[in-house]
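Asks: Mind looking over this structure? Questions follow.
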Amino acid sequence: MPKTGLKIKVCGLRDNILEVAALQPDMMGFIFFPKSPRYVGKDFIMPEVLTALKVGVFVNQPVMEVKNIQKKYQLDYLQLHGDENIDYCVELKSNALKIIKVFAGNALPGQVKLDAYAPFIDYYLFDTKLTQHGGNGIAFDWSVIEDQKLKKPLILSGGINLDNVEELVPIADKIYGIDLNSKFEIEPGLKDIQKLEELKSKIS
């Protein structure tokens, strides 16, 4: 497989954070949504030695709650995985916070809506959509990316695994990075280090 140069974000971390950190991913994601099986918990302690960018994942949570968690853990990015509207993003951006906005579902919103979010986010993240928010292991329909003209970089999620990652080669120039979660874990919150190592060796 050709080296793609895609950035790697490992999400849903909780139980073997330092082992994943040793692989030097570009971003590490921590879920602060209590209903997620990968929720870090109220008493979570963030390791101080992380060099990757720290991403906090939230779903339709009050802005003040998000701000407080960001400050507590010194998060580099806020990933909004719910139905957060533009005003919500504007309020966070007013505090100079960096935002990854998730758009879930193979029927993506139209160009007008995607463009409307662009001034108030730093990355788009495309994912599949089921009843739960993220980490469902179902592959996103990557063909829809071909015709997208996005004003901010794109992180791609949704069922990426060792068997299908090569399918990203034709569209690698349209993607900033990939988001790895359920296909690279032993159980929710516990990542499979061997699989992550193999994936990294394939694309980087």
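The values are calculated or read from the model by the stated rules, or taken from the named source; none is laboratory data. Here the structure is a predicted model, which is why all the values come from computation and not from measurement. All Cβ positions, glycine included, derive from the backbone under ideal geometry; neighbour counts span all protein chains shown. Just the protein is used for accessible areas: all its heavy atoms, side chains included, with ligands, DNA and RNA removed. Shrake-Rupley method; radii C 1.70, N 1.55, O 1.52, S 1.80 Å.
Asks: If we keep just the residues of region 163-204 that are of a type in the set (V, I, T) and not in a helix (DSSP H, G or I), which is surrounded by the fewest Cβ atoms within 10 Å (Cβ to Cβ)?
Replies: The qualifying residue surrounded by the fewest Cβ atoms within 10 Å (Cβ to Cβ) is I186.
Asks: If you check L199 against the conditions, is it among the aliphatic types (A, V, I, L, M) and closer than 14 Å to Q24 by Cα?
Replies: Details: among the aliphatic types (A, V, I, L, M): yes; closer than 14 Å to Q24 by Cα: yes.
Against the criterion (among the aliphatic types (A, V, I, L, M) and closer than 14 Å to Q24 by Cα), L199 qualifies.
Asks: Can I ask one more? Among the residues of region 116-139, which ones are closer than 11 Å to A104 by Cα, modelled with pLDDT of 65 or more and of a type outside the set (V, I, T)?
Replies: Selection gives Y124, L125, F126, D127.
Asks: Further, regarding this structure: Being of a type in the set (K, R), open to solvent by 30 Å² or more (accessible area, probe 1.4 Å) and either modelled with pLDDT of 95 or more or not in a loop (DSSP other than H, G, I, E, B) (or both): is that true of K152 here?
Replies: Working: of a type in the set (K, R): yes; open to solvent by 30 Å² or more (accessible area, probe 1.4 Å): yes; either modelled with pLDDT of 95 or more or not in a loop (DSSP other than H, G, I, E, B) (or both): yes.
It is true that K152 is of a type in the set (K, R), open to solvent by 30 Å² or more (accessible area, probe 1.4 Å) and either modelled with pLDDT of 95 or more or not in a loop (DSSP other than H, G, I, E, B) (or both).
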